[in-house]
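J.: The structure under discussion is supplied below as structure tokens; questions concerning it will follow.
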């Protein structure tokens, strides 16, 4: 279903974890969904995932943010969420600038009352394009296997959202 040269990345988002997996290689990064940011005026990323808290503790006035932890919405800070996903992807692919833009399967986890809103679905798509994806597929439902993703035959226990 996807180009042989293009990487396919499965991104699972929850308040507790952010997981990114290169479906073809099987390489995965799955860590707490946190990012440490230095104090203004620089506001640089100083740590992500499991290292975020210790990186923030080592610097004066740094903050730790989980952009996916909010009681009403899975995306509470779009800009920080984009930076966190981008940093995880960079760690996954080694920061290679010569790879083709990937296909991202964005999979928000959980099932909020009434389902994710159209606004949230758009935010997930925009996150994918904002981190450099050539194509973004939004999946809601059961976790997908690598075989389902590579074949394009997604589980009947969920749906691809428009």
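The values are calculated or read from the model by the stated rules, or taken from the named source; none is laboratory data. A quick note: this is a predicted structure, and the numbers were derived from the prediction, not measured. Virtual Cβ from ideal backbone geometry, glycine too; neighbours counted across all protein chains shown.
J.: If a residue has to be in contact (Cβ under 8 Å) with a residue 40 or more places away in the chain and touching a strand residue (DSSP E or B) at 6+ places or on another chain (Cβ under 7 Å) to count, how many in the range 51-70 make the cut?
T.: Total meeting the criteria: 1.
J.: With a cut-off of at least 3 residues that are closer than 25 Å to residue 143 by Cβ and at pLDDT 90 or above, name the strands (runs of 3 or more DSSP E) lying wholly within the range 15-85.
T.: 17-22, 28-32
J.: Quickly run through the range 115-159 and pick out the residues that are within 28 Å of residue 83 (Cβ to Cβ), free of Cβ contacts under 8 Å to residues at least 40 places away in the same chain and assigned to a helix (DSSP H, G or I).
T.: 118, 119, 122, 125, 129
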